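Here the structure comes first, spelled out in structure tokens, and everything after it is commentary.
The values are calculated or read from the model by the stated rules, or taken from the named source; none is laboratory data. Just so it is clear, the structure is predicted and the values come from calculations on it, not from any experiment. Cβ: placed from backbone, ideal geometry, glycine included. Neighbour counts: every protein chain shown. These accessible areas exclude ligands, DNA and RNA; they are computed on the full protein's heavy atoms, side chains included. Shrake-Rupley method; radii C 1.70, N 1.55, O 1.52, S 1.80 Å.
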Amino acid sequence: MTSDLHERSSDEEDTPLAQSGKRRRAAQVTIDEEYDTEDGEYNSDIALSQVSENLNGKTTPEVEEPPKRVRRKVKNETPKKKTTRKLKKIKVESSPKKLTTPKSEEDKSVKEEEDEQEDDGGYKWWEAEKEDDTIKWTTLKHNGVIFPPAYEPLPSHVKLYYDGKPVDLPPKAEEVAGFYAALLQSDHTKNPVFQRNFFDDFLEVLKECGGTLNGIEIKVFSKCDFNKMFEYYELQKEQRKQLSSQEKKQLRLEKEKLEEPYKFCELDGRKEQVGNFRIEPPGLFRGRGAHPKTGKLKRRVYPEDVVLNLDNEAPIPPLPEGQNWGEIRHDNTVQWLAMWRENISNSFKYVRFAANSSLNGLSDFKKFEKARQLKDHIDPIRKDYTKNLKSKIMLERQKSVAIYLIDVFALRAGGEKSEDEADTVGCCSLRYEHVTLKPPTTVIFDFLGKDSIRFYQEVEVDKQVFKNLAIFKRPPKQPGHQLFDRLDPSILNKHLQHYMPGLTAKVFRTYNASKTMQDQLDLIPNEGTVAEKLLKYNAANRTVAILCNHQRSVTKTHAQSVQKASDKIRELEWQKIRLKKAILQLDKKQMKERPKFFEEVEDITKEDEMAIHKRIIEREVEKCHKKFARDNDKRKFENMELLKESDLKEWLDKVEEQRLNFEQELKTGVVELKMASTVEKLDKQIEKLDQRIQNSAIQLRDKEENSQVSLGTSKINYIDPRLSVVFCKKYGVPIEKIFTKSLREKFKWAVESVDENWRF
DNA sequence: CTGGCTACTTAGGACAACTGAC
DNA sequence: GTCAGTTGTCCTAAGTAGCCAG
């Protein structure tokens, strides 16, 4: 058999359509038909040479077409107006009584949050027995949503400038310009796509409201100057910061009072917290990664856009005169209170219960129970996919490899994406260029995953997986082509259902994350201080985060703070050595008695010492200046006599004296301590320093290792909270050290239901 | 089947609040 | 008390997945 027997014959275009059409025929095609093999193992010699060609492919780029990105069918090619299932306007008849919270609000002027928890937390759903899970509630009452405040036009002296001239914008357009101005210092505004999308939408809004008010015609983005607007916002921010703490408190209280009615709802007669009761304010869409729509105007949402969901007896939240809700629904099979359609990708946004709500808790519990259940099925699944790596049917091989990748490297399912989203992939949507093969069995993954976070891993894989990946990459496939051209998440999930009802690709991530955590926790000895145990818990957490590729961007100040910390350690070490020298000065015999102890005295070079001296002196000088400035500020305020320059000089002289001492010390090697001391006292000090050095070193290492890893996501979504609870109970670590207040509430079901023998 | 809807889960960054060293 | 650095919360984007009509 030769290459023209490949399923994809050469005359077929590699259009997205052709690609997706091919999938349909996939099932019938066997490996035998496709590849010249007897046992389902394809001829690795041929394939490997092809592979390495691609690999060493530094040669190929010149020859090949630049990798084109072939995507599957484009959704919404023509953004056709959806069959407008027009939101029925239901006339609000019922008197819009305000929802009274179960207990009288006046009882407590200052709300005690902990107490608040007590009375609604009485219901322990995890101890109740619920049968039907398609019905989420029988009664649901709430007060609707908070709309963002109306736009307040800028004062007349703050304007957009066009080509150097002030522009009078109609409020609606000014608002949009303001959205951009506010972001002037962010990275978004440096992105040309963002600029263009913003500008297009801005012009459109401007046109809608009839153009500028002073006849200036805005045409070119580059002539727009948003600085005056930006400065105004900065000023406002500054002023807000300057408010006295009293005023700030006042504002906080007012906000609190306004929000109070929306924070809670009543579900089956119980008080529950609402999550995002604030409608998202208008602004510029900030898509992540290379999002084609980033910068577009996210339009304001009005009551007419909002669908409310509550029970049919529930009072309908009132609206200002003349305004109406888009629709009132009574759908008790869903867990949302309100929703609206956003204009960027035409999808829905939901107002839902808070993380600590019973319904969300229940879903969470079920999620982890499902993942735990996978424990009992994982062995046959692994056995199966290992076996099927050699299946004669292409589809089967792709399935097996996909499940292997999802299981072993915790890849996401990887659904199809449309052309107007950022180009990110998961397992099923991996393309040729995302996987590089390095014989014999090394694979390099390099692609952008969810949120355009880079997934880069060089890993060893099963031999047969390697071979299969080589097959999936075989010509005529080239960059831009799907690796798993027979697969999508729904095919995969359907396959997985056979092993276990409800099993889907994402369950593997939960399972492997929690399993890994359990294994890591098992390795931690029950000894040492709480701080030490905590450190080990975090290390375990980190293992999971790395498995799931949970990253965060390093802070701007990271390098600096690492530098600072390591400088501090060096300084401590220097101090220690200095003390050891002092010991030797006191008693020369010590060297013979404890040669090991004094070994490190030689470790420090003159240059090191000089650098440390310099740092200390610089710091001291700076301190003097700062203190001088601060003291005088204070004195000015209190109408006291100011410190004179001579006072500052006096301080600085002292520092200079110290500098000279250091210089002397460096020259002679003789350490002069401030106080007379004994060998014993110095030993004690050294011991303390050692401890401090160790602690600082651990902290530094932790900081380094955590700088790119985000622990939160796995803690919140992947690690069964019961693992953490058991850990705390068993190891005597207070749960507050691991779960913040809101996490303790979210995971209340776990905190209260588990004994210390529980295992994932 | 497939594609489009719909609902729900997972995600990182912005920003506010807190904390500990000085 | 002040400041810098850290931690916790909020915000909303971006995934997964089930369902249903054609």
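For region A:390-403, the set of residues classified as away from DNA strand C (no atom under 16 Å from the Cβ), open to solvent by 10 Å² or more (accessible area, probe 1.4 Å) and not aliphatic (A, V, I, L, M) consists of A:Lys390, A:Ser391, A:Lys392, A:Glu396, listed by residue number. The residues listed here are A:Leu258, A:Leu251; of these, the one that is under 24 Å from A:Val307 (Cβ atoms), open to solvent by 40 Å² or more (accessible area, probe 1.4 Å) and aliphatic (A, V, I, L, M) is A:Leu258. For the residues A:Lys588, A:Lys592, A:Lys581, A:Lys564, the requirement of being under 32 Å from the mean Cα position of the chain (by Cα), open to solvent by 40 Å² or more (accessible area, probe 1.4 Å) and either at pLDDT below 85 or not polar (S, T, N, Q) (or both) singles out A:Lys564.
Only a single item in (1) over 23 Å from A:Tyr718 (Cβ atoms); (2) at pLDDT 95 or above; (3) open to solvent by less than 50 Å² (accessible area, probe 1.4 Å) is not met by A:Pro380, and it is number (3).
Would you be able to say whether some residue in region A:669-680 is assigned to a helix (DSSP H, G or I) and of a type in the set (S, T, N, Q)? Within region A:669-680, not a single residue is assigned to a helix (DSSP H, G or I) and of a type in the set (S, T, N, Q). Quick check on A:Ile393: is it among the β-branched types (Val, Ile, Thr) and closer than 29 Å to A:Ala545 by Cβ? So A:Ile393 does not fit the description; no.
Across region A:685-710, the qualifying residues are those that are touching a residue at least 60 places away in the same chain (Cβ under 8 Å) and among the charged types (D, E, K, R), and the one among them that is least open to solvent (accessible area, probe 1.4 Å) is A:Asp702.
Using the structure shown, decide if A:Tyr233 is in contact (Cβ under 8 Å) with a residue 40 or more places away in the chain, closer than 24 Å to A:Arg286 by Cβ and open to solvent by 30 Å² or more (accessible area, probe 1.4 Å). The answer is yes for A:Tyr233. Hey, among the residues in region A:487-522 that are more than 12 Å from DNA strand B (Cβ to nearest atom) and without any contact (Cβ under 8 Å) to a residue 12 or more places away in the chain, which one's most open to solvent (accessible area, probe 1.4 Å)? Looking at the filtered set, the residue picked out is A:His498.
Could you please find all residues in region A:439-485 being within 16 Å of DNA strand B (Cβ to nearest atom) and aromatic (Phe, Trp, Tyr)? Once the filter is applied, which keeps residues that are within 16 Å of DNA strand B (Cβ to nearest atom) and aromatic (Phe, Trp, Tyr), region A:439-485 yields A:Phe445, A:Phe447, A:Phe455, A:Tyr456, A:Phe484.
Only residues that are charged (D, E, K, R), open to solvent by less than 40 Å² (accessible area, probe 1.4 Å) and under 26 Å from A:Asp201 (Cα atoms) were counted in region A:322-347, giving 1. The strands (runs of 3 or more DSSP E) found entirely in region A:286-389 that carry 1 or more residues being under 30 Å from A:Arg270 (Cα atoms) and within 15 Å of DNA strand C (Cβ to nearest atom) are A:336-341, A:348-352. Looking across region A:542-568, the residues that are assigned to a helix (DSSP H, G or I) and within 15 Å of A:Ser514 (Cα to Cα) come down to A:Arg542, A:Thr543, A:Val544, A:Ala545, A:Ile546, A:Leu547.
Which residue is surrounded by the fewest Cβ atoms within 10 Å (Cβ to Cβ), if the candidates are limited to region A:724-760 and must be more than 15 Å from DNA strand B (Cβ to nearest atom) and hydroxyl-bearing (Ser, Thr, Tyr)? Applying the filter and picking the extreme gives A:Ser753. Note on region A:523-544: among residues that are free of Cβ contacts under 8 Å to residues at least 24 places away in the same chain and within 16 Å of DNA strand B (Cβ to nearest atom), the one that is farthest from A:Asn695 (Cα to Cα) is A:Thr529.
The residues of region A:658-684 that are open to solvent by 80 Å² or more (accessible area, probe 1.4 Å), at pLDDT below 80 and farther than 20 Å from A:Asp608 by Cβ, listed by number, are A:Lys674, A:Met675, A:Ala676. Taking region A:201-229 as the range and being touching a Gly at 6+ places or on another chain (Cβ under 9 Å) and assigned to a helix (DSSP H, G or I) as the test, the residues that pass are A:Asp201, A:Lys223, A:Met229. Here are some residues: A:Gln195, A:Gln273. Which one is within 16 Å of DNA strand B (Cβ to nearest atom) and either in contact with a Pro (Cβ under 8 Å, 6 or more places away or on another chain) or of a type outside the set (Gly, Ala, Ser) (or both)? Sole residue among the options that is within 16 Å of DNA strand B (Cβ to nearest atom) and either in contact with a Pro (Cβ under 8 Å, 6 or more places away or on another chain) or of a type outside the set (Gly, Ala, Ser) (or both): A:Gln273.
Given the conditions (1) within 13 Å of DNA strand B (Cβ to nearest atom); (2) farther than 30 Å from A:Gly283 by Cβ; (3) of a type in the set (Asp, Glu), and given that A:Asp407 satisfies all but one, which numbered condition is not satisfied? All conditions are met except number (1). Quick check on region A:711-723. Is at least one of its residues open to solvent by 10 Å² or more (accessible area, probe 1.4 Å) and closer than 18 Å to A:Ala565 by Cβ? No, because not a single residue in region A:711-723 is open to solvent by 10 Å² or more (accessible area, probe 1.4 Å) and closer than 18 Å to A:Ala565 by Cβ. Going through region A:697-712 one residue at a time, which ones are within 10 Å of DNA strand C (Cβ to nearest atom) and assigned to a helix (DSSP H, G or I)? The answer is A:Gln699, A:Leu700, A:Asp702, A:Lys703, A:Asn706, A:Gly712. Taking region A:184-200 as the range and being of a type in the set (Ser, Thr, Tyr) and either within 20 Å of A:Ser156 (Cα to Cα) or not in a helix (DSSP H, G or I) (or both) as the test, only A:Ser186 passes. Taking region A:155-183 as the range and being closer than 16 Å to A:Gly283 by Cβ and either β-branched (Val, Ile, Thr) or not in a helix (DSSP H, G or I) (or both) as the test, the residues that pass are A:Val176, A:Leu183.
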